[in-house]
Each structure stands twice: as structure tokens, then as C-alpha cells.
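Q: First the structure, then my questions, so here it is.
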Amino acid sequence: MENSEKTEVVLLACGSFNPVTNMHLRLFELAKDYLNGTGKYRVIKGIISPVGDAYNKKELIPAHHRVIMAELATKNSKWVEVDTWESLQKEWTETIKVLRHHQEKLEASNCDQQQNSPMVERPGRKRRWTEQRQDSSPKKSLDSKTKGVAKVKLLCGADFLESFGVPNLWKSEDIAQIVADYGLICITRAGSDAQKFIYESDVLWKHRSNIHLVNEWITNDISSTKIRRALRRGQSIRYLVPELVREYIQKHDLYSSESEDRNVEVILAPLQRNTAKAKA
């Protein structure tokens, strides 16, 4: 299949990145290899979107540190970048809104490119072309807006997928919209059974064709939780995170017993919001 016939994809990873690890970066490479290997897609960009401080997760250090570490981790990448929009929001922002933000941003960029493109017109045809533009239906306008625009897909690990089953952590309508309108690229890990989880969920099963499960054959059990634990115990994290990230953590003494107590008695933002709505 020619590149012009392939669907261009932007991979979006949302999360704490507390801190970003080599495994986070591997997710992008695995997903890119998988999608490009299908012959149907062409991955053109990867985006790391650290969650804002209002998420209220235990041990979550300030967003500006997490953003800087992610930027250091992707410094030498030619296709993965960091976006700060989500991290700068004063209130916790649902993942569906972050997906929508990036898709609309791509569509707006596409419209600008179309408007700035020179148009060749034949003599005597200008008036007719103008009339056709005025008579065009809203549907045609919508089609032109999205035609040729890359599709944003949510990149995640198996634990993220399984979090859909945690009561009040996600709104059911958000889950449905994520898998129906955007799609998931899920990197599975040892000990998880993502296929069974999809089978047991009516919503996920309905949209299973838009959920891509990618096996990580070279097993990697690195996690931010284990990195923080090692740091609290004074153990080395060299080769588990990018070297620039390790140096930044050491310089600013980011993870300690004090940081472990951050938000310890605070309810996670989505649980707080969705539980309140359920009671209303």
C-alpha cells in the first residue's frame, strides 16, 4: 500500500510520568512498529502528555518537574515530543478531552495548510468555482476539514486498559467514545490478560476492532513505582531511565520519603468527581 493510501496516526500517551522511564519510551517504539507493520497505518508523531497537578495522585511531584524530565527523555527523538497543555490545566482534565484537543489541533493545522495552498484556476471558471463553494453543504465542509488529517490514537499499557474496570475511575460514556472515535494501542505485559478483559466488557468488545493489542516479547518490567521505591531506598536507577532524567532527579532530589507523602490523604480527582456525580 502506498503511503498516500495509509492512515497517518499520532500516538498520544497520557499519564503521570512520575518519572518517565525507558519503558514509557519503548511503548512508542513498539506501537509504531506494530501499526506500520500492518500496512494500513503510518505513524508520524508521538506525544507524551503529563497529567496536571490537580490529578491528586499519591506521590505525584509537581508537573513542571515531570514535564522537564519528559523533555529530557525525548531530547534526541526525531518523532516523540512532549506537550504541556494537559499539565497546565488548573483542574484535572479527562483523557477524552485531551484526545479531542489534539485531534482538533491537527484539524485546525490541516485547514490552515489548505487555505495557504496556492490554487490553480482556469480562465473563465472563477465565478463557477465560487458559486460551487457557496453551494457546498455542511457535510462537504466537514469532509474537507477532516480529509487527510492524521488520526490521534491513545497509547497505553495493559494496566491503563484494566483501569477501565475500576468503579468511578472512568465515565462509561468516556470509555465508549475513546475506543469508538479514537482507538487504543495497548502494549501488553506479562501477567495481564488484555484479551479476556476486552471479552468481559460489552463496550470494549463492541469496538474491539479499534483496540490494537501489541505483545512485548522482550519483557520489561520497569515502572515509575519501582523507580520511586529504589530512589527512596538509595538504590541505583541507572539504565532504567534516560541518563539525563537520572541526573535531573539526582540534582533536584525529587523522590524521597517527603514526596511519598504527597496527596496521601487526598482522593484521586476522577474518583472524587465521578463519585459526586453518581450521588447527585
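The values are calculated or read from the model by the stated rules, or taken from the named source; none is laboratory data. What you see is a predicted model, and the numbers here were worked out from it, not measured in a lab. Heads up, the Cβs are rebuilt from the backbone with ideal geometry, glycines too, and the neighbour counts pull from every protein chain shown. All accessible areas refer to the heavy atoms of the entire protein, side chains included, with ligands and DNA or RNA removed. Shrake-Rupley method; radii C 1.70, N 1.55, O 1.52, S 1.80 Å.
Q: For segment 225-274, how many residues are of a type in the set (Ser, Thr, Tyr), in contact (Cβ under 8 Å) with a residue 12 or more places away in the chain and open to solvent by 40 Å² or more (accessible area, probe 1.4 Å)?
A: Let us first name the residues in segment 225-274 that are of a type in the set (Ser, Thr, Tyr), namely 225, 236, 239, 248, 255-257, 259.
With the extra rule that they be in contact (Cβ under 8 Å) with a residue 12 or more places away in the chain, the set shrinks to 239, 248, 255-257, 259.
Adding the requirement that they be open to solvent by 40 Å² or more (accessible area, probe 1.4 Å) leaves 239, 257.
Qualifying residue count for the region: 2.
Q: Of 86, 59, 91, 8, which residue is within 20 Å of residue 178 (Cα to Cα), more than 13 Å from the chain's Cα centre (by Cα) and among the acidic types (Asp, Glu)? Break it down stepwise before answering.
A: Numbers: 86 fails: more than 13 Å from the chain's Cα centre (by Cα); 59 fails: within 20 Å of residue 178 (Cα to Cα); 91 fails: within 20 Å of residue 178 (Cα to Cα).
Residue meeting the stated conditions: 8.
Q: From the list 151, 139, 126, 147, which one is open to solvent by 70 Å² or more (accessible area, probe 1.4 Å), of a type in the set (Lys, Arg) and at pLDDT 95 or above?
A: Working: 139 fails: at pLDDT 95 or above; 126 fails: at pLDDT 95 or above; 147 fails: at pLDDT 95 or above.
Exactly one of 151, 139, 126, 147 is open to solvent by 70 Å² or more (accessible area, probe 1.4 Å), of a type in the set (Lys, Arg) and at pLDDT 95 or above, namely 151.
Q: Further question: Where the second residue is among the aliphatic types (A, V, I, L, M) and the first is in contact (Cβ under 8 Å) with a residue 40 or more places away in the chain and lies in segment 102-114, which pairs have Cβ atoms under 6 Å and are six or more apart or on separate chains?
A: As it stands, the answer is 102/12; 102/152; 103/152; 106/149; 106/150; 107/149, since those pairs meet every condition given.
Q: Then there's this: Which condition breaks for residue 187 when tested against (1) closer than 29 Å to residue 100 by Cβ; (2) among the β-branched types (Val, Ile, Thr); (3) out of contact with any Cys (no Cβ under 9 Å at 6 or more places or on another chain)?
A: The failed condition is (3).
Q: Separate question: Of all residues in segment 107-123, how many are open to solvent by 40 Å² or more (accessible area, probe 1.4 Å) and at pLDDT 90 or above?
A: First, pick out the residues of segment 107-123 that are open to solvent by 40 Å² or more (accessible area, probe 1.4 Å): 108-109, 112-123.
The next check asks that each one be at pLDDT 90 or above; those that pass are 108.
Qualifying residue count for the region: 1.
Q: Here's something else I'd like to know. I'd like to know if segment 201-216 contains one or more residues that are under 20 Å from residue 13 (Cβ atoms), open to solvent by 80 Å² or more (accessible area, probe 1.4 Å) and modelled with pLDDT of 95 or more.
A: No, segment 201-216 has no match at all.
Q: Go through segment 211-220 and report how many residues are part of a loop (DSSP other than H, G, I, E, B) and hydrophobic (A, V, I, L, M, F, W, C). Show your work before the answer.
A: Going through segment 211-220, the residues part of a loop (DSSP other than H, G, I, E, B) turn out to be 215-220.
Checking which are hydrophobic (A, V, I, L, M, F, W, C) leaves us with 217-218.
Going through segment 211-220 one residue at a time, the tally reaches 2.
Q: Give me the helices (runs of 4 or more DSSP H) completely within segment 144-210, filtered to those with at least 2 residues that are in contact with a strand residue (DSSP E or B) (Cβ under 9 Å, 6 or more places away or on another chain), ordered by residue number. Break it down into steps so the answer makes sense when it comes.
A: Values: elements: 158-162, 172-177, 194-199, 202-206.
Fully inside segment 144-210 and qualifying: 158-162, 194-199.
Q: OK, next. Can you list residue pairs whose Cβ atoms sit under 8 Å apart, with the first residue in segment 171-198 being more than 26 Å from residue 93 (Cβ to Cβ) and of a type outside the set (Val, Ile, Thr) and the second being modelled with pLDDT of 95 or more and not in a helix (DSSP H, G or I)? Count only pairs 6 or more apart in sequence or on different chains.
A: 195/213
Q: Here is a further query. How many residues, within segment 74-106, are open to solvent by 50 Å² or more (accessible area, probe 1.4 Å), among the acidic types (Asp, Glu) and over 21 Å from residue 267 (Cα atoms)?
A: The total comes to 2.
Q: Across segment 42-71, what is the total count of residues that are in contact with a helix residue (DSSP H, G or I) (Cβ under 9 Å, 6 or more places away or on another chain), within 15 Å of residue 185 (Cα to Cα) and open to solvent by 40 Å² or more (accessible area, probe 1.4 Å)?
A: Qualifying residue count, segment 42-71: 1.
Q: Continuing with this model, one more query. Is it the case that some residue within segment 97-112 is on the phi < 0 side of the Ramachandran plot and outside any helix (DSSP H, G or I)? Step through it out loud before you land on a result.
A: So the first thing to find is which residues in segment 97-112 are on the phi < 0 side of the Ramachandran plot, and the list is 97-112.
If we keep only those that are outside any helix (DSSP H, G or I) too, we end up with none.
Within segment 97-112 (the criterion being on the phi < 0 side of the Ramachandran plot and outside any helix (DSSP H, G or I)), the answer is no, since none of the residues qualifies.
Q: Does residue 255 qualify as being closer than 22 Å to residue 24 by Cα and not in a helix (DSSP H, G or I)?
A: On the way: closer than 22 Å to residue 24 by Cα: yes; not in a helix (DSSP H, G or I): yes.
Here the answer is yes, as residue 255 does meet what is asked.
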